[in-house]
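The values are calculated or read from the model by the stated rules, or taken from the named source; none is laboratory data. For clarity, every value in this text was computed on a predicted model and none was experimentally measured. Every residue, glycine as well, gets a Cβ built from its backbone with ideal geometry; the counts of neighbours run over all protein chains shown.
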């Protein structure tokens, strides 16, 4: 079972501290948010600095955006290859089609970037992954073959990104997907398929649907694609501490989101968390992608780590 931290914020010293602590506690991954807004620093710059401070823990963005208006796909391909060198092969490349239009427009419009509609985002996701795979795979040969791609959103005209002495086949891809079209894309390109903020029963049903999709495309891949769940976490050892954290969560994200967390998240005392994790594991989860109520709450992160040691 794998446990990874999802972190955001602009205090670099705290980000660095939590990453180092996460590695010492043997968390499997540390992932930092990517956005142009003021809730984060530049994602890839922060990750590159963390690579030099750690040795084992996997690193990557919470979600990497493939939108052409945001960043050229060739630049992203080179960023990922370069990070593989810096981190000695520890990049976990995470992407998806993005959140709903009504929610996400606020993060993009102020910067002059038009947030695509869902049908366009799905096409961009598939084209982008195809191009990235072409760039990454062509580095596996001693003689590089130029990449040529003529798609609706991406045009590559016999380009070569030469990165010496790198094993690029080992860039694992996570695709976040809950709809049939995006799960189809995940079945073809992902090493890890992830869904977010759903109950164990909902994950079980979605996992069965995903298995059916893989079975139709390539039966042999059913056991090779890892299953991951993204969840909010509130863990406490006393009633007062739990109520305090619940109040903070409700203030920061709203009472409705607190109610949602209680139905579709990890919240409560350690024994409650253990039981909930077992339910997700029984539903098919291999990896937990964890967003703590306070991403810099060292005590909670340590308590969770001590708690899950008791989970087989």
Point to revise | Of all residues making up the range 206-223, the number that are within 24 Å of residue 289 (Cβ to Cβ) and free of Cβ contacts under 8 Å to residues at least 12 places away in the same chain | key: 5
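Condition check ((1) surrounded by 13 or more Cβ atoms within 10 Å (Cβ to Cβ); (2) over 18 Å from residue 203 (Cα atoms)) across all residues:
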residue: 216; (1), (2): no, yes
residue: 225; (1), (2): yes, no
residue: 228; (1), (2): yes, no
residue: 231; (1), (2): yes, no
residue: 252; (1), (2): no, yes
residue: 268; (1), (2): yes, yes
residue: 271; (1), (2): no, yes
residue: 277; (1), (2): yes, no
Exercise for review: Considering each of 185, 213 in turn, give the residue that is touching a helix residue (DSSP H, G or I) at 6+ places or on another chain (Cβ under 6 Å), modelled with pLDDT of 95 or more and in a helix (DSSP H, G or I).
Suggested key: 185
Check your understanding: Out of the range 273-289, which residues are out of contact with any helix residue (DSSP H, G or I) (no Cβ under 8 Å at 6 or more places or on another chain) and assigned to a helix (DSSP H, G or I)?
Key -> 275, 278, 281
Point to revise | Residue under evaluation residue 116, criteria (1) modelled with pLDDT under 95; (2) under 27 Å from residue 252 (Cβ atoms); (3) not in a helix (DSSP H, G or I), criterion not met | key: (2)
Check your understanding: Applying the selection to the range 84-96, what residues are at pLDDT 95 or above and either within 23 Å of residue 39 (Cβ to Cβ) or loosely packed, with under 13 Cβ neighbours inside 10 Å (or both)?
Key -> 91, 92, 93, 94, 95, 96
Exercise for review: Look through 6, 34 and report the one residue that is in a loop (DSSP other than H, G, I, E, B) and either loosely packed, with under 15 Cβ neighbours inside 10 Å or in contact with a strand residue (DSSP E or B) (Cβ under 6 Å, 6 or more places away or on another chain) (or both).
Suggested key: 34
